[in-house]
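Shown next, in structure tokens, is the structure this report addresses.
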Amino acid sequence: MNIKNFTPRLYQTNILKTCKEKNTLVCIPTGLGKTKIAIMLTIERLKEFQNTKAIILTPTRPLANQIYNEFKECTSIEESKTFLLTGKINPNKRAKIYDNSNLIVATPQTIQEDIENKRLDLTNTSLLVIDEAHRSRENFANTVVAREYIKKAEFQRILALTASPGSTKQKIEEVCTNLNIEAIEIRTENDEDVTQFIQNKDIEYINVEFPAELKKIHDLIKEVYKSKIENIKSFNISKPTSHITKVDLINLQLRLQKEIKNKNNAAFYGLFLTAQLLKLSHAMEVIETQGLNPLNEFLIKLETETTKSAQAISKEKNIIKAKELCKNLIEKEIDHPKIEKLKEITKKIIEEKADSRIIIFATYRNTVDNIVRTLNNIGIKTTKLVGQKEGLTQKQQIEAIEEFNSGKYNCLITTSIGEEGIHIGEADIAIFYDNTPSSIRKIQRSGRVGRLKPGRIIFMITKGTRDSAYFWKSKKDENRMKSILYKMKENKFELKLQKSLNEF
């Protein structure tokens, strides 16, 4: 068993030295070959511990398919002993595959299910690779599989891969604890051994005003929100109402759900109220960052929902008025200024370079659909990449990526599924139609360009809205994350101490 069709880079070789000796969290920028490090370590482990297997966990089927193909292309592991497993494969067939394999690439949920149903015994697994390791939280599938692996495997080694494990020390330590991590390897664009492999990325900021017509709709929704948020104070919320965030409301919702199980009847009203506030908060975010069509679709959807919270909101006078104003503006072909700006930007890019590849990120599926319609209507060849829950099968997802890479389409509009790990190698430009408060998602979006050649990133920001707030939050969190990781790497005893305390 050997590697083939690539030559390891110096930083990959340096990182591999640590990975061979310790369970390691590897954090390097997207496009610098995290999977190649996994390939190199897999060969090392299978050579050292013959007749064992390596298992690679990765969160989505398209990503699993991509990694599976990369292993086939870059190793001499027998093809008959290399398998791609997802929940689509019959469980009984999966059980037989485990007995006759050296390499398994699978989704974490598939492996968890097979462990729990006694179809898979990890005793003979000499390497567990966790791709997109930032997902290894709480009792998620990665965590469950890693815990079982630590209990059972005779020859243990864990490799965790991510471009961004978390924005706080607590979140990073949670990942490290859950995966039994003993060492951290981090590289950024400024590290000496990676600088020559970093492609230049031009960053551009497009700021737009929040127009008065949209602000009028926003204010109507906000009045309803403000009238209800005051009542939340009775549920032990100490923050001023103006500082209560969506995260605070979600946390309250979880707390109230537990209290209902303990027969606290007041919690029912709290849940009713919290559900309304979350829906109203979402409506305000949509009008601020997305556009009128997505807001209109959301308000129509509220009317069709049978929940008490949705029905209560739909009957509010201000919400009825907001919906009417929204519909009138759409009929006049007025929309969020970002839409017009996006048309202008993409048209100019295509005029300057007809075979340009542009990947556009938007948080919500209905925004993706709106952008696809808008760009196709002005003659720009556009397709979408969304998750299976949002309407695309695994086969359609892979086709969308291949057709974009081949040049059938100039623009690929995607939700979060396009952010995480999937190789979209031909993208020249990434446009953030909206911004995310998550440093993890910001890093992953940015990593879709500048992998093999110089790229360009365009941030679209609506001034004075959460668009702007999210941009600055994710930027600040990214800088903090890198600083924390470097300190954790330098303090080699910190992780050992944490591990000892957990065992104690």
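The values are calculated or read from the model by the stated rules, or taken from the named source; none is laboratory data. Remember, it's a predicted structure, so these values are computed and weren't measured experimentally. Don't worry about glycine lacking a Cβ; one is built from the backbone with ideal geometry, like all the others, and counts go over all protein chains shown. Just the protein is used for accessible areas: all its heavy atoms, side chains included, with ligands, DNA and RNA removed. Shrake-Rupley method; radii C 1.70, N 1.55, O 1.52, S 1.80 Å.
State yes or no: is Ile319 open to solvent by less than 60 Å² (accessible area, probe 1.4 Å), over 30 Å from the mean Cα position of the chain (by Cα) and of a type in the set (Val, Ile, Thr)?
Answer is yes for this residue.
Consider the range 1-35. How many of its residues are farther than 21 Å from His134 by Cβ, in a loop (DSSP other than H, G, I, E, B) and of a type in the set (Ser, Thr, Tyr)?
Of the residues in that region, 1 qualify.
Is it the case that some residue within the range 250-264 is touching a Lys or Arg at 6+ places or on another chain (Cβ under 8 Å), of a type outside the set (Gly, Ala, Ser) and surrounded by 14 or more Cβ atoms within 10 Å (Cβ to Cβ)?
No: the range 250-264 contains no residue that is touching a Lys or Arg at 6+ places or on another chain (Cβ under 8 Å), of a type outside the set (Gly, Ala, Ser) and surrounded by 14 or more Cβ atoms within 10 Å (Cβ to Cβ).
Could you tell me which residue of the range 162-176 is nearest to Arg445 (Cα to Cα), considering only residues that are open to solvent by less than 10 Å² (accessible area, probe 1.4 Å) and polar (S, T, N, Q)?
This residue is Ser164.
Condition check ((1) out of contact with any strand residue (DSSP E or B) (no Cβ under 6 Å at 6 or more places or on another chain); (2) more than 28 Å from Glu419 (Cα to Cα); (3) not in a loop (DSSP other than H, G, I, E, B)) across all residues:
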| position | (1), (2), (3) |
| --- | --- |
| Glu303 | yes, yes, yes |
| Ser309 | yes, yes, yes |
| Ala312 | yes, yes, yes |
| Lys327 | yes, yes, yes |
| Lys338 | no, no, yes |
| Glu344 | yes, no, yes |
| Glu351 | yes, no, yes |
| Asn370 | yes, no, yes |
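Would it be correct to say that Thr383 is outside any helix (DSSP H, G or I) and polar (S, T, N, Q)? Give the steps one after another, and end with the answer.
Details: outside any helix (DSSP H, G or I): yes; polar (S, T, N, Q): yes.
For Thr383, the condition - outside any helix (DSSP H, G or I) and polar (S, T, N, Q) - is met.
Of everything in the range 41-65, what is of a type in the set (Ser, Thr, Tyr) and either open to solvent by 10 Å² or more (accessible area, probe 1.4 Å) or part of a loop (DSSP other than H, G, I, E, B) (or both)? Give them in sequence order.
The answer is Thr52, Thr58, Thr60.
Looking only at residues that are basic (Lys, Arg) and farther than 21 Å from Ile401 by Cβ in the range 324-358, which one is nearest to the chain's Cα centre (by Cα)?
The residue in question is Lys338.
Need a quick list: strands (runs of 3 or more DSSP E) entirely within the range 404-484 having at least 2 residues that are open to solvent by 10 Å² or more (accessible area, probe 1.4 Å), among the charged types (D, E, K, R) and without any contact (Cβ under 8 Å) to a residue 24 or more places away in the chain.
In the range 404-484, no matching strands (runs of 3 or more DSSP E) lie anywhere.
I'm trying to understand the selection: among the residues of the range 185-199, which are assigned to a loop (DSSP other than H, G, I, E, B), open to solvent by less than 30 Å² (accessible area, probe 1.4 Å) and among the hydrophobic types (A, V, I, L, M, F, W, C)?
Val194
Could you please give the count of residues in the range 200-231 that are in a helix (DSSP H, G or I), of a type outside the set (S, T, N, Q) and either touching a residue at least 60 places away in the same chain (Cβ under 8 Å) or surrounded by fewer than 16 Cβ atoms within 10 Å (Cβ to Cβ) (or both)?
Summing the residues that are in a helix (DSSP H, G or I), of a type outside the set (S, T, N, Q) and either touching a residue at least 60 places away in the same chain (Cβ under 8 Å) or surrounded by fewer than 16 Cβ atoms within 10 Å (Cβ to Cβ) (or both) in the range 200-231 gives 14.
For the range 21-40: of the residues being modelled with pLDDT of 95 or more and touching a Lys or Arg at 6+ places or on another chain (Cβ under 7 Å), which is surrounded by the fewest Cβ atoms within 10 Å (Cβ to Cβ)?
Filtering first and then ranking leaves Asn23.
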